[in-house]
Amino acid sequence: MTEQSRILVLNGPNLDILGRRDPEQYGTVTLADIEEIVRQEASSHGLGIAFRQTNREGELVEWLHEALDDFAGVVINPAAYAHTSVALHDAVEALSVPVVEVHISNTWKREPFRHVDHVATAATAVIAGAGADGYRLAVAHLASLLA
């Protein structure tokens, strides 16, 4: 791992309204709060980050393609697309860098349709149900893989 190593942190649909959307399920933390958590954790490991959010599946795929050449690893919270997107699975599977999938809630304790996770089968690791701290854990795990 070099001082110039960067990780890509991607956030899928509806994560832009964290803190206002279903706080009993997701808490009151905002995406800006999560970005600060990620920046601090990455910095403690000598990593830079690019932190992005979109509600569009194709944009997530295009950003994952950037990781083919420009990033040492990826943290992704695909949100609902985890349960529906073969395209995200294929984009993650095409990467040669480690990918850690994050979910704020424990998707396996929720509705049955959330028990299918297409991205998880291509990811290096999955962290679910740890709240916003899951992002910190994901960055720390990536750092250990990159060390």
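In table form, for the structure just shown:
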read-out	value
Cα pair count fraction exceeding 16 Å, expressed as % - segment 1-122	61 percent
Ordering of 10-19, 49-58, 69-78 by burial proxy (mean other Cβ atoms within 10 Å per residue, highest first)	69-78, 10-19, 49-58
Å² of accessible area per residue within segment 48-147, as computed with a 1.4 Å probe and no ligands counted	42 Å²
Segment 75-120 - percent of accessible surface contributed by carbon and sulfur, probe 1.4 Å	58 percent
Normalised contact order of segment 82-135, rounded percent, pairs of Cα under 8 Å and 6 or more residues apart	48 percent
Value of D in µm² per second that Stokes-Einstein yields for segment 50-94, Kirkwood Rh from Cα pairs, at 37 °C (0.692 mPa s)	304 µm²/s
Tail beyond 16 Å, pair distance distribution of segment 61-123 (Cα, percent)	39 percent
Distance (nanometres) between label positions extended 7 Å along Cα→Cβ at Val116 and Ile17	2.5 nm
Contour excess over end-to-end distance, with Cα ends at Leu68 and Ala147 and 0.36 nm allotted per residue	26.6 nm
Test item: Cα-centred dipole of segment 26-126, Lys/Arg +1 and Asp/Glu -1 on Cβ, debye	380 debye
Built amide H within the under 5 Å cut-off of Ala128, gap 5+	His103
Note, ³J(HN,Hα) from phi for segment 59-70, Karplus 6.51, -1.76, 1.60, rounded to Hz, x at Gly and Pro	5, 4, 4, 4, 5, 4, 4, 4, 5, 4, 10, 10
Positive-end residue of Ala82, Val97, His65, charge dipole of segment 54-118 with Cβ unit charges	Ala82
Helix-only [θ]222 nm of the chain, DSSP H runs n ≥ 4, -39500 (n - 2.57) each, per residue, nearest 500	-10000 deg cm²/dmol
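The values are calculated or read from the model by the stated rules, or taken from the named source; none is laboratory data. Remember, it's a predicted structure, so these values are computed and weren't measured experimentally. Every residue, glycine as well, gets a Cβ built from its backbone with ideal geometry; the counts of neighbours run over all protein chains shown. Protein only, heavy atoms only, side chains kept; ligands, DNA and RNA dropped before computing areas. Shrake-Rupley method; radii C 1.70, N 1.55, O 1.52, S 1.80 Å.
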